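Data block below; observations after.
The values are calculated or read from the model by the stated rules, or taken from the named source; none is laboratory data. Please read these numbers as outputs of a predicted model, since none were measured by experiment. Here the Cβ is made from the backbone with ideal geometry for all residues, glycine too, and neighbour counts use every protein chain on show. These accessible areas exclude ligands, DNA and RNA; they are computed on the full protein's heavy atoms, side chains included. Shrake-Rupley method; radii C 1.70, N 1.55, O 1.52, S 1.80 Å.
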Amino acid sequence: MYFWACVLPKIQVSGGICLDMHPKASAYPDILNRALAKITKTPALTSGILADAMGVIAKEGCLALNTSRVGIWRVNLESMQLENYVCYCREGDRLYRQDNFPLDERKKYIERLSSERLIVINDADEESEVLPNLKQTYGEALSSLLDAPIRAEGKLTGVVCIEQDCQKRRWTDLEQSFASSLADFAALAVESGKRKKAMDELALSKKRTEALLSNLPGMVYQCINDPPDFTFTFVSEGCYALTGYTPEELMHNHALRFFDMVHPEDVDALARANQETLEIGKPLETTFRMVMKDGSVKWVWERSRVVERKPDGTPYILEGFYTDITEQRRLEAAEHASKAKNEFLANMSHEIRTPMNAILGMSELAIRQNPSGQTLEYLRHIKGAANSLLAIINDILDFSKIEAGVIELRPEEYSPVSLINDISTMISLRIGDKPIEFIVEDDPAIPRMLIGDETRVRQILVNLLTNAVKFTRGGYVRFKIGFIREAEGGEGHLKGSVTDTGIGIRKEDLSQLFTNFQQLDTRKNRNVEGTGLGLAITKKLLSLMGGDISVESEYGIGSTFSFEIPQQVADGASATCLHSPEHLNVGICLDDPIKAACFAEKLTLLSVPHCTVDFSQPLEGFTHLFFDAECCDKLPLSLPEGLCPVALSRTFQGAENLPAGMKSARSPLTCAITDDLLQMQGAKTTLPEEPLPAGMEPRLTLENVQVLIVDDNEINLLVASDVLASYGADVHTATSGPDAIALVQKNRYDLVFMDHMMPGMDGVDATHRIRELPEKGPGALPIVALTANAIGGVREMFLENGLDDFVAKPLDPAEIERVLKLWLPPEKCSVAWVPVVGQ
């Protein structure tokens, strides 16, 4: 007996059936039962493959009923469409899809399907109320229709349509029951389809979750709260990368227990933390060390929570995850160490510079008192030694700042020509009376403005040149610099070299040249001061900038240090561009052949006609004559009209005894200085008729200026007060932030010098309080940081906190004068001639 015999046990054929469709009417119930049984055995019915299940229902139903077509439809209330799952046509034995119908056109039809068991239409010609235009919709051949609603959970979800063409058919009770059975099977297929969709979505969600968990940088787990085992019931694939154990080894604690992986020193603390958080019902967040399968140790961060409890409320299932924070811990430790080192450097800078400020300031003030000759000489030696000590301290602090990563590059626009001129003057002063010729070969095509960290570029060049001067006892130091542009874009390299005729470097020592605290050939250089850090600092600064340095040296002959410094171009025009050089003609009369050759090369680069002459030759036709100031007495008494003589001297004193009207310049000549000198004309440019006062020098003088100095150190106050008083300022002092605020409220000041590191209230806090006072805001009262904290970045910190400028200790008179000229009203500053100190 087939499955559906229980559904249609004893139904007989009644009078409405067309017997020519079923020759053996007595076998009709078996035919229908076999069709239902076949549908029952269809795997697609319960597997959720909706299209296949609907196709089997439509085909078996159509063949069993011996009707024209069976279509199965879905009522889609979202799209308001009657959508066709499938249609089977007996003629041609084919399955196909029909067009959808709008529900609005069949409102009464849907209402009737919702309320009735079946819609039975025996004669399509007589039906018009429920399905108007029936033949227009189904075709003119339609004669009879039997529709069975598909219901799921009591709601209409679709319909099985059984259609008969050409011959009218009275649908029997047996056939109506069969149609209802087809609708029940369709409902079952729909439910199976929903379940399959839900299962597919669940499987997809699970797959995505597993993929997500496997990609997480750590290990997700679920475990039983059975201390000390904490048996794992789930672990993600990330466990292998984290611990070296596979999920199979960790699941159900096959290989080891959880606490077997915890570092022995962290077991007790982790167990206590776990117990405490479980007791108060809060998630656990903690860090500890975990021992990997290979024996290595990692720091991990864990977060876990209770997800299931026993009936008595006891935590039962826990879930959470571990993530590797070893690198984070390392970076935190490095950051902490860097911060500590930075604070140490700031304190060291402050502690060292404070007594240095006293030494240098006091010696400067004593020198200004114009003491007797021997005392003056002692004071000058003290000041010189203090400056040497300060240079050594600066080297050590700079090196420490680089090592600590404190130094940051601060690119900004600057003029390379001004930089070269400043460095040339500085190195000339450093050479002093040493028998060394200093030569500068700068390319006039260097761009007018570059973008880079000018302070660090200056430090690199000064280090190289100072090093050359330090180890050269005679001969020359040649400084060559130019700019190499990239093929495209606004980038390029400052490229140059420093060559000296010093002692040179042995080949075996070249590898140690840029080593920290390394000074080579100490026996030969025993009297040379320094830390051995200059070249190491230069190398590190160049590395920070992306530059490079190399050296060639021959022991006993000299050395050449070559460098490249990447820089951006802000203004690509040539810094030096001489107008109408073809109208000039320059005579060169210099004793040193190297200096003469280099100056001739400079004139060639400037496109200026020139030639070498001596004083015995006629000088007609020359527009300029460059000669050594020491040879001034060899100059002819009568010079051609229009000739501009220019005396070159290594020192300022070398030009003191020149005749009135004689042009003078200090060597070395840069392209920019040469350009200026070549603009002079002999008859039109003369020195003042009145000679400069003998033994006198210009000095800045202040009138009606009130200055407040704030510092907690009495010696610093004394030094700064005397320095500013020497310019004519009326000086007030304060030893703390609160005292400074009280004085600013009481008095009117033109300028405030504010120390930084003071106990109680530091200089930054005091400045904030002052800026909050009426009429003391930014721009109203200049406040200048006066501090021994000279660590990189401190200037920016002061400016961001309301201060206007920065002066580092020990006090540099040139820096003090710069600040006074910059922040005081012009009418309160003047220049007066005063006696030269020590004469």
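Restricting attention to the range 171-187, and to residues there that are among the aliphatic types (A, V, I, L, M) and over 17 Å from Ala44 (Cα atoms), which single residue is surrounded by the most Cβ atoms within 10 Å (Cβ to Cβ)?
Among residues in the range 171-187 that are among the aliphatic types (A, V, I, L, M) and over 17 Å from Ala44 (Cα atoms), the one surrounded by the most Cβ atoms within 10 Å (Cβ to Cβ) is Ala179.
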Check your understanding: Looking only at the range 247-260, which residues are in contact with a helix residue (DSSP H, G or I) (Cβ under 7 Å, 6 or more places away or on another chain) and at pLDDT below 90?
Key -> Pro247, His254, Ala255, Phe259
Exercise for review: Please report, ordered by residue number, the strands (runs of 3 or more DSSP E) entirely within the range 572-635 with at least 1 residues that are among the hydroxyl-bearing types (Ser, Thr, Tyr) and more than 30 Å from Arg485 (Cβ to Cβ).
Suggested key: 610-612
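Which ones in the range 637-650 are surrounded by 13 or more Cβ atoms within 10 Å (Cβ to Cβ), without any contact (Cβ under 8 Å) to a residue 24 or more places away in the chain and not aliphatic (A, V, I, L, M)?
Within the range 637-650, Pro640, Ser649 qualify.
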Point to revise | Residue check for Cys223: surrounded by 14 or more Cβ atoms within 10 Å (Cβ to Cβ), outside any loop (DSSP other than H, G, I, E, B), in contact with a Leu (Cβ under 9 Å, 6 or more places away or on another chain) and without any contact (Cβ under 8 Å) to a residue 40 or more places away in the chain | key: no
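Test Lys282 against the stated conditions and say whether it is at pLDDT 90 or above, charged (D, E, K, R), on the phi < 0 side of the Ramachandran plot and not in a strand (DSSP E or B).
Judged against the criteria, Lys282 is not a match.
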Check your understanding: Before we move on, is Arg330 within 20 Å of Asp266 (Cα to Cα), among the charged types (D, E, K, R) and in contact (Cβ under 8 Å) with a residue 12 or more places away in the chain?
Key -> no
Exercise for review: Starting from the range 116-130, keep only residues that are polar (S, T, N, Q), then list their pairs with residues that are at pLDDT below 80 and crowded, with 16+ Cβ neighbours inside 10 Å whose Cβ atoms are within a distance under 8 Å, requiring at least 6 positions of separation or different chains.
Suggested key: Ser128/Leu134
Check your understanding: Can you tell me how many residues in the range 765-774 are more than 10 Å from Pro738 (Cβ to Cβ) and crowded, with 19+ Cβ neighbours inside 10 Å?
Key -> 2
Revision key, fill the gap. Among Thr354, Thr287, Thr277, the single one that is at pLDDT 75 or above and either assigned to a strand (DSSP E or B) or within 30 Å of Leu717 (Cβ to Cβ) (or both) is Thr287
Practice item. Any residue in the range 247-258 that's assigned to a helix (DSSP H, G or I): show its pairings with residues that are of a type in the set (D, E, K, R) at Cβ separation under 8 Å, as long as the two are six or more apart or on different chains. Key: Pro247/Glu237; Asn253/Asp229; Phe258/Asp229
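Identify the residue in the range 747-764 that is of a type outside the set (A, V, I, L, M) and farther than 18 Å from Val807 by Cα and, among all such residues, is most open to solvent (accessible area, probe 1.4 Å).
That would be Arg748.
This table checks each residue for (1) out of contact with any strand residue (DSSP E or B) (no Cβ under 6 Å at 6 or more places or on another chain); (2) of a type in the set (Asp, Glu); (3) modelled with pLDDT under 85; (4) crowded, with 20+ Cβ neighbours inside 10 Å.
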| site | (1), (2), (3), (4) |
| --- | --- |
| Arg478 | no, no, no, yes |
| Glu486 | no, yes, yes, no |
| Glu508 | yes, yes, yes, no |
| Arg523 | yes, no, yes, no |
| Asn527 | yes, no, yes, no |
| Gly530 | yes, no, yes, no |
Review point. Looking at Lys595, is it of a type in the set (Lys, Arg), modelled with pLDDT of 80 or more and touching a helix residue (DSSP H, G or I) at 6+ places or on another chain (Cβ under 9 Å)?
Key: no
Point to revise | Checking Leu605 against (1) open to solvent by 60 Å² or more (accessible area, probe 1.4 Å); (2) over 30 Å from Arg448 (Cβ atoms), the condition it does not meet | key: (2)
Review point. Out of the residues in the range 49-107 that are under 16 Å from Glu163 (Cα atoms), of a type in the set (S, T, N, Q) and in contact with a Lys or Arg (Cβ under 9 Å, 6 or more places away or on another chain), which is most open to solvent (accessible area, probe 1.4 Å)?
Key: Asn66
**Study point:** Hey, Glu508 in a helix (DSSP H, G or I), within 18 Å of Gly558 (Cβ to Cβ) and more than 39 Å from the chain's Cα centre (by Cα) or not
**Key:** yes
Revision key, fill the gap. Of the candidates Val267, Val262, the one satisfying the condition of being within 27 Å of Leu331 (Cα to Cα), out of contact with any Cys (no Cβ under 8 Å at 6 or more places or on another chain) and surrounded by 17 or more Cβ atoms within 10 Å (Cβ to Cβ) is Val262
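Got at least one residue in the range 618-629 being buried (at least 20 other Cβ atoms within 10 Å of the Cβ), closer than 16 Å to Ile439 by Cα and at pLDDT 85 or above?
Yes, there is a match, as at least one residue in the range 618-629 is buried (at least 20 other Cβ atoms within 10 Å of the Cβ), closer than 16 Å to Ile439 by Cα and at pLDDT 85 or above.
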Review point. In the range 488-505, what count of residues is obtained for those that are at pLDDT 85 or above, over 13 Å from Gln567 (Cβ atoms) and of a type outside the set (A, V, I, L, M, F, W, C)?
Key: 6
Practice item. Go through the range 405-464 and tell me which strands (runs of 3 or more DSSP E), entirely inside it, have 3 or more residues that are surrounded by fewer than 20 Cβ atoms within 10 Å (Cβ to Cβ). Key: 412-414, 447-452
Review point. Quick check, is Val190 open to solvent by 10 Å² or more (accessible area, probe 1.4 Å), more than 30 Å from Ser68 (Cα to Cα) and either at pLDDT 90 or above or β-branched (Val, Ile, Thr) (or both)?
Key: no
Practice item. Scan Lys41, Lys24 and give me the residue that is over 60 Å from the mean Cα position of the chain (by Cα), open to solvent by 90 Å² or more (accessible area, probe 1.4 Å) and at pLDDT 85 or above. Key: Lys41
Review point. If Trp73 passes every condition in (1) touching a Gly at 6+ places or on another chain (Cβ under 7 Å); (2) at pLDDT below 90 but one, which one does it miss?
Key: (2)
Point to revise | Among the candidates Leu773, Leu803, Leu781, Leu824, residue that is in contact with a Phe, Trp or Tyr (Cβ under 8 Å, 6 or more places away or on another chain) and at pLDDT 85 or above | key: Leu781
